[in-house]
Amino acid sequence: MLDRICLGKVPRKHHTVLRDEKGTLLYEHCITRRGFDGAYSIVYERALPPRDAALRSPSLAPDGDLHPDAAGERAPLLARRHFLGGRVLSDVPGGDHIATRRLLFVNEDVAVGICRPLSAQGRYFANGDADDLFFVHAGTGTLQTMFGPLRYQPGDYLLIPRGTIYRVVPDVAAAAAPPLWLVIEGRSYLEIPANFRNPVGQLRMDAPYCHRDFRRPERLPEPSGSDFEKGQYPIVIKRGGTYHEVVRSTDPMDIVGWDGAVYPIALSIHDYQPKTGRVHLPPTTFSTFVGGGFIVCSFVPRVVDYDENAIPCPYPHSSVDCDEVLFYVSGNFTSRRGVGPASLSFHPAGIPHGPQPGAYEASIGARRTDELAVMVDTFKPLLATPHALAVEDRNYHATWRA
């Protein structure tokens, strides 16, 4: 990483068409550091980099005890993986967002999972381990918090600061589809990226959202209702990965006022303002929230790259510092086959990420994309839990061979 050098044939601009002497399209392959914020090189290859011929476990002893096995897997195969998130707890008849909370991928900084808030039970929750970020894939209702209520609907992000007492009250009778939420626990922290703000803390005009896009509590919480026995107000607290319960004799929603900058907020992904470039922009362009050691990105319907030679499909890349989890919400996922709403793809660091065969070529000339997805990129390796392994599509890695 001394200085830039160039060898051989490259196109005039990044992320544009390059063909060999026979007119065959060559594949761009980005090798990056620090996600997409550090040094990088772009290699042009004749074959799609992720197109592996086989996947095997070598007969080599582990190089030290690098990964704890408490999360469900000790030394997983280095493979691109697909998990059927819609099948997690799909047969559960009821339960609140605590009982149905299932973490699928974990490390020290962040955990990603699924929950199905099917009913409101007589208890509150406070996460002492993490800031909670939910993405509402399906379901409507009210988030009742100590700061006041927030309504939610499909497409909403709900960011709840660590230690906030709250519970989820779904609109069960009005449910058009079984509730399903993406869960992101910011174990380090979760917040709006600092570079989206000006020196006085206001969101900048070039940020992907403005203050008006966020919903905040607008009134104090109402007293706990008939779900609770008077003088008995259970609060489930998560701390150290373990659930504890305290029972208060006084109503935790009996709040007479508050002020400050720490409170729950809601943001619709449909209000996220994407950027479009002359050629394909890196994933960090779509940052929505940031944590210590990870970012959360929103991919929304948008006009794509406008250079006449642009290749709109995500280019193959070896982001050697990041594991990537992508939660598919809706639309036509042009770079992937066999994924649908509530699918989660998991592409680990160490092997190339990229579109499946045919997608790169087919995207040339496209003018729009209609896909909707949420991505979590992490710097520390993620481990899949038993809940994830139970819904894994084990044929996914082989789809690059076709």
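The values are calculated or read from the model by the stated rules, or taken from the named source; none is laboratory data. None of these values were measured; they are calculated from a predicted model. Ideal geometry is used to build each Cβ from the backbone, glycine not excepted, and the neighbour counts take in all protein chains shown.
The sole residue among 55, 2, 7, 25 that is surrounded by 10 or more Cβ atoms within 10 Å (Cβ to Cβ) and at pLDDT 60 or above is 25. Looking at this structure, is residue 280 in a strand (DSSP E or B) and over 20 Å from the mean Cα position of the chain (by Cα)? For residue 280, the condition - in a strand (DSSP E or B) and over 20 Å from the mean Cα position of the chain (by Cα) - is not met.
A search for C-beta distances below 9 Å between a residue of the range 36-64 that is under 26 Å from residue 399 (Cα atoms) and any residue that is modelled with pLDDT under 60, counting only pairs 6+ apart in sequence or on different chains, returns 57/75. From the list 348, 352, exactly one residue is under 30 Å from residue 303 (Cβ atoms) and modelled with pLDDT of 85 or more. Which is it? Sole residue among the options that is under 30 Å from residue 303 (Cβ atoms) and modelled with pLDDT of 85 or more: 352.
Flag: residue 244 matches the condition of being surrounded by fewer than 14 Cβ atoms within 10 Å (Cβ to Cβ) and either part of a strand (DSSP E or B) or not assigned by TED's automatic domain parsing to the domain that holds residue 188 (or both).
Do we have residue 388 as in a helix (DSSP H, G or I), closer than 19 Å to residue 80 by Cβ and at pLDDT 90 or above here? Even if it seems obvious, please write down each step before you answer.
Values: in a helix (DSSP H, G or I): yes; closer than 19 Å to residue 80 by Cβ: yes; at pLDDT 90 or above: yes.
Yes: the conditions hold for residue 388.
Residue check: residue 361 meets all listed conditions (1) out of contact with any Lys or Arg (no Cβ under 8 Å at 6 or more places or on another chain); (2) crowded, with 22+ Cβ neighbours inside 10 Å but one, namely (2).
Within the range 152-162, at least one residue is of a type in the set (Ser, Thr, Tyr), part of a strand (DSSP E or B), at pLDDT 95 or above and touching a helix residue (DSSP H, G or I) at 6+ places or on another chain (Cβ under 8 Å).
Residues that are at pLDDT 90 or above and either crowded, with 22+ Cβ neighbours inside 10 Å or assigned to a loop (DSSP other than H, G, I, E, B) (or both) within the range 171-188 comprise 171, 179, 180, 181, 182, 184, 185, 186, 187, 188, listed in sequence order. A single entry from 19, 12 fulfils the requirement of being exposed (fewer than 10 other Cβ atoms within 10 Å of the Cβ) and more than 24 Å from the chain's Cα centre (by Cα): 12.
This table checks each residue for (1) out of contact with any Pro (no Cβ under 9 Å at 6 or more places or on another chain); (2) surrounded by fewer than 20 Cβ atoms within 10 Å (Cβ to Cβ).
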{"position": "276", "(1), (2)": "yes, yes"}
{"position": "293", "(1), (2)": "yes, yes"}
{"position": "299", "(1), (2)": "no, no"}
{"position": "317", "(1), (2)": "no, no"}
{"position": "324", "(1), (2)": "no, no"}
{"position": "327", "(1), (2)": "yes, no"}
{"position": "330", "(1), (2)": "no, yes"}
{"position": "336", "(1), (2)": "no, no"}
{"position": "352", "(1), (2)": "no, no"}
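Going through (1) outside any loop (DSSP other than H, G, I, E, B); (2) modelled with pLDDT under 80 one by one, residue 133 falls short only on (2).
Taking first residues from the range 379-390 that are over 15 Å from residue 349 (Cβ atoms) and surrounded by fewer than 22 Cβ atoms within 10 Å (Cβ to Cβ) and partners that are at pLDDT below 90 and not polar (S, T, N, Q), the Cβ contacts under 6 Å between residues at least 6 apart in sequence or on separate chains come to 385/71; 385/72; 386/72; 389/72. Got at least one residue in the range 86-103 being assigned to a strand (DSSP E or B), in contact with a Gly (Cβ under 8 Å, 6 or more places away or on another chain) and of a type in the set (D, E, K, R)? So far as the range 86-103 goes, yes, one or more of its residues are assigned to a strand (DSSP E or B), in contact with a Gly (Cβ under 8 Å, 6 or more places away or on another chain) and of a type in the set (D, E, K, R). Only one of (1) under 17 Å from residue 126 (Cα atoms); (2) free of Cβ contacts under 8 Å to residues at least 60 places away in the same chain; (3) not small (Gly, Ala, Ser) is not met by residue 263, so which one is it? It fails just one condition, (2).
Conditions (1) in a loop (DSSP other than H, G, I, E, B); (2) assigned by TED's automatic domain parsing to the domain that holds residue 289; (3) closer than 16 Å to residue 285 by Cβ, marked per residue:
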site	(1), (2), (3)
315	yes, yes, yes
318	no, yes, no
326	no, yes, yes
346	no, yes, no
351	yes, yes, no
355	yes, yes, no
374	no, yes, yes
